Amino acid sequence: MLSDLVQYAASGVTVGAIYALIALGFTLIYNSTHVANFAQGDFAMLGAMTTVFVAAAGVPVVAAGILGILAAACAGLLLYRAAISFAKNSSVLGLIVLTIGAAIFLKGVAQIVFDKRFHSLPAWFGTEPIKVLDATIQPQSFVVLAGAAVIVFALVVFTKKTLIGKGILAISQNQLAATLVGINVTTIVTLAFVISAAIGGTAGILATPITLTSYDAGTLLSLKGFAAAMLGGMGSPMGAVIGGLVLGLVEAFGGGLISSAYKDAFAFLAILVVLALRPQGLVGSFVRERV
Amino acid sequence: MLEVKDLASRYGRIEVLHDVSLKVEPGKILALIGANGAGKTTLLKAISGVQPISTGTITLDGKPLNKVQASERVKRGLAQVPEGRQVFGGMSIEDNLLLGGWTSSATNVQADLQFAYETFPVLFEKKDLLAGSLSGGQQQMLAICRALMSRPSVILMDEPSMGLSPLLIDQVFAAIELLKKKGLAIVLVEQNASVALSIADDASVMETGRIVLRGTGKELQQDQRVKELYLGHA
Ligand SMILES: Nc1ncnc2c1ncn2[C@@H]1O[C@H](COP(=O)(O)OP(=O)(O)OP(=O)(O)O)[C@@H](O)[C@H]1O
Ligand SMILES: [Mg+2]
């Protein structure tokens, strides 16, 4: 029994770390534009699929991974520069629909450029399971966790310690004031999209050895990432991480202890409960905008 | 030197500024007074480039700004202390100041930070606290210092005394006179007309989107209409 619980915890945290990275992408874009970007999961798919196909063409996996992340980053750049920034004056809802359109578009492109099969990537440190308290854990789980930790740490340092990172925060708090100190909002928001997309692409690549990937893997990832961000409190990076981990754990324990058929349902049930009790999310706070 | 000629601006289909012209030179204060809704804030926003203009020209040191982006205007030496202070409430005081130096070099930023802290020691004492936790007066000091971090040659101030106690108002106006001495060109929007006119070199009165009266600060202080409408005595 104990080994089962450890097993659920390990897989919950691993999947949760992926959700957390997708949720972080949501957070970054939400903070700079107030838009929930439903193409976030498709950035992950694009990063993973590009890596798979470039690696299959004979390029070393690491180089393929870098190309995969770049592909995702380009998609983020295009989403903002070719779509969102042109529709700046439409409502937030309109922009969200636009991101859903972009998600469908990316899915379609992936289906044509790549294929409709499932693909995997070699696990970085093999597949020999590691035994912890009678539970068996995939080495790739540790890769996912370490990767997620590095990304979260880097993002925190970037936003808290660098002027450009502070600029992103400033835009999220007060666009008028940000413009009046000389911040070019378009440039900085573009940067936020590129970083979000790159994080999404990285998440997709890290997860692929465990979860596999396919052209349509982005849709569910977007939903889960969005749910995690909501659960933690939309707009809070810490909330995104906690929301992702909680979501992953709820799914793993719900699926393991009750029924794996309802795994996804547990996750959404958890969100309903949390948001009913704490509409601002687990760690989020209501920010009143000063006028 | 800032010069605005025949400026018009609209919100949607409603034109709220008509044929506005003004000029302010280095080391001078231009006071702009007018009732609620006269268009003062809209005018400052238009000059800063965050409000579109339909006709007219804006020039800074002889160079036209019409096609220059708002963020680029800051680099060219135009700063604004916006209405309602608009500090980044969820960020520290120091971060607010650092963001004010977005367009400046690192060495200038360090020097200007030092200057701000020396001028307003309270900002130094509280530098790691969130700007949102400051009192209204302290936020105003912060907003002014933040605008100065870009080393502007022209500064637009939108009701810097709003909501402040008389003591703080004195402090703010003392700071403004200091900026004038340093050679900045200052456009000062105020509802507090008596103090504004007393420190202004030139002054203009705005009504429903037009400048209806102009003169030196002294002249307008003596003007019968201004006395009745804006100085509260006949
Ligand atoms: N965002 C907006 N959309 C539409 N109309 C606006 C907007 N902002 C201001 N107005 C209108 O434009 C006119 C000028 O407003 P503005 O804020 O420039 O006046 P003001 O002189 O700064 O007033 P106050 O002394 O109250 O600050 C007013 O009639 C106001 O109702
Ligand atoms: Mg105003």
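The values are calculated or read from the model by the stated rules, or taken from the named source; none is laboratory data. A quick note: this is a predicted structure, and the numbers were derived from the prediction, not measured. Because the Cβ atoms are built from the backbone with ideal geometry, glycine has one as well, and the counts that use them run over all protein chains shown. To get the accessible areas, we keep the full protein, side chains included, count just its heavy atoms, and leave off ligands, DNA and RNA. Shrake-Rupley method; radii C 1.70, N 1.55, O 1.52, S 1.80 Å.
Structure notes:
- Residue in region B:120-133 that is within 14 Å of chain A (Cβ to nearest Cβ), within 16 Å of ligand 2 (Cβ to nearest atom) and either of a type outside the set (A, V, I, L, M) or open to solvent by 10 Å² or more (accessible area, probe 1.4 Å) (or both) present: no
- Residues satisfying the stated conditions in region B:31-52, i.e. more than 16 Å from ligand 2 (Cβ to nearest atom) and surrounded by fewer than 23 Cβ atoms within 10 Å (Cβ to Cβ): B:Pro52
For (1) more than 21 Å from the chain's Cα centre (by Cα); (2) under 24 Å from A:Asn31 (Cβ atoms); (3) hydrophobic (A, V, I, L, M, F, W, C); (4) at the interface with chain A (Cβ under 9 Å from one of its Cβ atoms), each residue gets a yes or a no:
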residue: B:Thr103; (1), (2), (3), (4): no, yes, no, yes
residue: B:Phe115; (1), (2), (3), (4): no, no, yes, no
residue: B:Gly137; (1), (2), (3), (4): no, no, no, no
residue: B:Ala143; (1), (2), (3), (4): no, yes, yes, yes
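- Residue ranges of strands (runs of 3 or more DSSP E) in region B:13-131 with at least 1 members under 24 Å from B:Arg210 (Cα atoms) and of a type in the set (S, T, N, Q): B:14-24, B:55-60, B:78-81
- Residues (in contact (Cβ under 8 Å) with a residue 60 or more places away in the chain and within 16 Å of ligand 2 (Cβ to nearest atom)) located in region B:161-183: B:Met162
- A:Lys166 within 14 Å of chain B (Cβ to nearest Cβ), over 19 Å from the mean Cα position of the chain (by Cα) and farther than 30 Å from A:Ala82 by Cα: no
- Counted residues, region B:71-86 - those being away from ligand 2 (no atom under 16 Å from the Cβ) and surrounded by fewer than 22 Cβ atoms within 10 Å (Cβ to Cβ): 4
- Residues in region A:84-100 that are among the polar types (S, T, N, Q) and free of Cβ contacts under 8 Å to residues at least 12 places away in the same chain: 3 in all.
- For region B:145-160, residues that are more than 16 Å from ligand 2 (Cβ to nearest atom) and either away from chain A (no Cβ under 14 Å) or touching a strand residue (DSSP E or B) at 6+ places or on another chain (Cβ under 9 Å) (or both) total 10.
- All positions within region A:31-56 that are at pLDDT below 95, of a type outside the set (A, V, I, L, M), part of a helix (DSSP H, G or I) and surrounded by fewer than 24 Cβ atoms within 10 Å (Cβ to Cβ): A:Asn31, A:Thr33
- Scanning region B:137-165 for residues that are within 22 Å of B:Leu32 (Cβ to Cβ), more than 16 Å from ligand 1 (Cβ to nearest atom) and open to solvent by 30 Å² or more (accessible area, probe 1.4 Å) gives B:Leu148, B:Ser153.
- Which numbered condition B:Gly100 fails, given (1) more than 16 Å from ligand 1 (Cβ to nearest atom); (2) free of Cβ contacts under 8 Å to residues at least 24 places away in the same chain: (2)
- Meets criteria (away from ligand 2 (no atom under 16 Å from the Cβ), closer than 23 Å to B:Gly39 by Cα and open to solvent by 10 Å² or more (accessible area, probe 1.4 Å)) for B:Ile186: no
- Candidates B:Ala46, B:Ala8, B:Ala79, B:Ala38, filtered to the one that is away from chain A (no Cβ under 14 Å) and under 17 Å from the mean Cα position of the chain (by Cα): B:Ala38
- Every residue from region A:159-186 that is in contact (Cβ under 8 Å) with a residue 24 or more places away in the chain and of a type in the set (A, V, I, L, M, F, W, C): A:Ile164, A:Ile168, A:Leu169, A:Ile171
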